[in-house]
Amino acid sequence: MATPVMDKAQATATADYITATFRIRRFNPEESDAVIWEDFQITIDPKERVLDALHKIKWDTDGTLTFRRSCAHGICGSDAMRINGRNRLACKTLIKDINPDKPITVEPIKGLTVLKDLVVDMEPFFQAFRDVMPFLVTEGNEPTRERLQSAEDRERFDDTTKCILCAACTSSCPVFWNDGQYFGPAAIVNAHRFIFDSRDEAGEQRLEILNDKDGVWRCRTTFNCTDACPRGIEVTKAIQEVKRALITRRF
Amino acid sequence: MSTDTSGAIDGVTLYDVDNPAPVIEPPRKRTKKTPKGGGTNFEMIAWLFMRLSGIVLVVLVIGHLLIQLVLDGGVSKIGFAFVAGRWASPWWQTWDLVMLWLAMLHGANGLRTVINDYAERDNTRFWLKMLLYTATVFTILLGTLVIFTFDPNIS
Ligand code: HEM
Ligand code: FES
């Protein structure tokens, strides 16, 4: 026996659903070394996020669709991907904001080896991160209380503490796309976070690491990284501050 | 639609059983050539040179364009006599010489970074740079030679 009340509730719940096409770049090395674009048409609330659409496709249509996500709330940095040609977090991109009238393209981030579908090998990215020593370095004995810092000193590097290592910036950088040897914006941002921390004592060492032939000087100031950052970090500005520190501390 | 991704670079096949996808050489591999650090390096000097020469070039190039193309009758006045008149003065000789060197070195270094960023194969990169350096050296030497040996009485 149908209950009219429930029917009505269902009808209103689906009233503003739309049909959107997701054009996803598929790659499965176990099947073929060729890349194909596959279209998925789904019915979804446009106020949902691209990540919800990917879930819907994976759970209801094609279980082989492979992508990373963990927190689903823009904190873990797992699901950076190229959506309509721009690097974004799938979990922070609402479908209504990216024109669902046309097919929405979803690709893996560029410049890193694609392992399967939207999953890339993040190892080169993390290696560059490790290389800038992203941890507090101090000398002398361990203090008996916290290392205090003034509010202004904390403010100096506040912006670069926000990085979630999603690789949206580094994989949006045309210099990184070329050979993957450039340290990349994310590594420089994380070096910045310690170089300008008054408690840290290895700033000079980190600057020297970034004075490399593939360090900050390869930055061409295209601002792709700043546009791509899902956390709104002024990435290009941070890179310029590192360049300036390298020059002013040497001359 | 399908895209071929098997672009082998520098003769190395990008696929095998363990690496089904194109391999990107891991960055930051420490090699003998990795700089040990120590003050300045070429990339830093090159970066600084681009900014400093750029500032000087603004003055030199805009001045040059004004004199050649705008002031005093514009392009129609340019001829052998006009050039001869200007190069009679050491001031304009120096202006043109500095502009030639700065613009050539600035442009060449700019193209060097463009080649570094966009050439995919080491071989292509090497030969494009050789072509660039040859053209740069040739133009700088020829230009310098002409500025110093210009003969207004040539027949
Ligand atoms: C008129 C004043 C000029 C200024 C202020 C200027 C400034 C600059 C700066 C700051 C860069 C570095 C960009 C970067 O590293 O991100 C650059 C790059 C470059 N410049 Fe100039 N420049 C000037 C004139 C010229 C001239 C006359 C030439 C050609 C002979 C030239 C050719 C180039 C090239 C090819 C690049 C590389 C492009 C790139 O890196 O994207 N510039 N310029
Ligand atoms: S899933 Fe964690 S950042 Fe999007």
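The values are calculated or read from the model by the stated rules, or taken from the named source; none is laboratory data. Values in this document were obtained by computation on a predicted structure and should not be read as measured data. No Cβ is skipped: glycine too gets one built from the backbone with ideal geometry, and neighbour counts run over all protein chains shown. Calculation scope for accessible area: heavy atoms of the full protein, side chains included, ligands and nucleic acids excluded. Shrake-Rupley method; radii C 1.70, N 1.55, O 1.52, S 1.80 Å.
Can you spot a residue in the stretch A:88-99 that is in contact with a Ser or Thr (Cβ under 7 Å, 6 or more places away or on another chain) and either closer than 23 Å to residue A:232 by Cβ or away from chain B (no Cβ under 14 Å) (or both)?
Let us first name the residues in the stretch A:88-99 that are in contact with a Ser or Thr (Cβ under 7 Å, 6 or more places away or on another chain), namely none.
Checking the stretch A:88-99: not a single residue is in contact with a Ser or Thr (Cβ under 7 Å, 6 or more places away or on another chain) and either closer than 23 Å to residue A:232 by Cβ or away from chain B (no Cβ under 14 Å) (or both).
Please work out if residue A:129 is modelled with pLDDT of 90 or more and within 14 Å of another protein chain (Cβ to nearest Cβ). Before the answer, list the steps.
Values: modelled with pLDDT of 90 or more: yes; within 14 Å of another protein chain (Cβ to nearest Cβ): yes.
It is true that residue A:129 is modelled with pLDDT of 90 or more and within 14 Å of another protein chain (Cβ to nearest Cβ).
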Problem set entry | Residue selected from the stretch B:75-116 under the condition among the small types (Gly, Ala, Ser) and farther than 26 Å from residue B:152 by Cα, by the criterion farthest from the chain's Cα centre (by Cα) | B:110
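In the stretch A:136-144, is there at least one residue being closer than 30 Å to residue A:18 by Cβ and surrounded by fewer than 19 Cβ atoms within 10 Å (Cβ to Cβ)? Lay out the reasoning, then the answer.
Of all residues in the stretch A:136-144, those closer than 30 Å to residue A:18 by Cβ come to none.
No.
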Exercise. How about the stretch A:168-227: which of its residues are within 21 Å of residue A:113 (Cα to Cα), surrounded by fewer than 20 Cβ atoms within 10 Å (Cβ to Cβ) and within 16 Å of ligand 1 (Cβ to nearest atom)?
Worked result: A:174, A:177, A:178
For this session: Determine the pairs where a residue that is assigned to a helix (DSSP H, G or I), located within the stretch A:43-72, has a partner that is within 16 Å of ligand 2 (Cβ to nearest atom) and of a type in the set (Ser, Thr, Tyr) with Cβ atoms under 9 Å apart, the partner being 6 or more residues away or on another chain.
Result: A:50/A:93; A:51/A:93; A:58/A:66
Exercise. Name the pairs: first residue in the stretch A:233-249 and of a type in the set (Asp, Glu), second residue surrounded by fewer than 22 Cβ atoms within 10 Å (Cβ to Cβ), Cβ to Cβ under 8 Å, at least 6 apart or on different chains?
Worked result: A:234/A:159; A:234/A:226; A:241/A:196
Exercise. In the stretch A:70-113, what residues are acidic (Asp, Glu) and near ligand 2 (Cβ under 10 Å from one of its atoms)?
Worked result: A:79
For this session: List every residue pair whose Cβ atoms sit under 6 Å apart, with the two residues 6 or more apart in sequence or on different chains, where the first one lies in the stretch B:107-121 and is at the interface with chain A (Cβ under 10 Å from one of its Cβ atoms) and in a helix (DSSP H, G or I) and the second, anywhere, is open to solvent by 20 Å² or more (accessible area, probe 1.4 Å) and not β-branched (Val, Ile, Thr).
Result: B:117/A:178
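Answer yes if at least one residue in the stretch A:176-197 is more than 16 Å from ligand 2 (Cβ to nearest atom), among the charged types (D, E, K, R) and over 29 Å from residue B:117 (Cβ atoms), and no otherwise. So that I can check it myself, show each step before the final result.
The first filter runs over the stretch A:176-197 and keeps only residues more than 16 Å from ligand 2 (Cβ to nearest atom), leaving A:176-185, A:187-197.
The next check asks that each one be among the charged types (D, E, K, R); those that pass are A:179, A:193, A:197.
Pick out the ones that are also over 29 Å from residue B:117 (Cβ atoms) and you get A:197.
The answer is yes, given that some residue of the stretch A:176-197 is more than 16 Å from ligand 2 (Cβ to nearest atom), among the charged types (D, E, K, R) and over 29 Å from residue B:117 (Cβ atoms).
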Problem set entry | Given (1) buried (at least 18 other Cβ atoms within 10 Å of the Cβ); (2) part of a loop (DSSP other than H, G, I, E, B), index of the condition residue A:250 fails | (1)
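Among the residues of the stretch A:29-42, is any charged (D, E, K, R), at pLDDT 95 or above and more than 22 Å from the chain's Cα centre (by Cα)? Don't jump to the end; show me each part of the working.
Here is the first cut: in the stretch A:29-42, the residues charged (D, E, K, R) are A:30-31, A:33, A:38-39.
Narrowing further to those that are at pLDDT 95 or above: A:38-39.
Applying the additional criterion that residues be more than 22 Å from the chain's Cα centre (by Cα) yields A:38-39.
Within the stretch A:29-42 (the criterion being charged (D, E, K, R), at pLDDT 95 or above and more than 22 Å from the chain's Cα centre (by Cα)), the answer is yes, since at least one residue qualifies.
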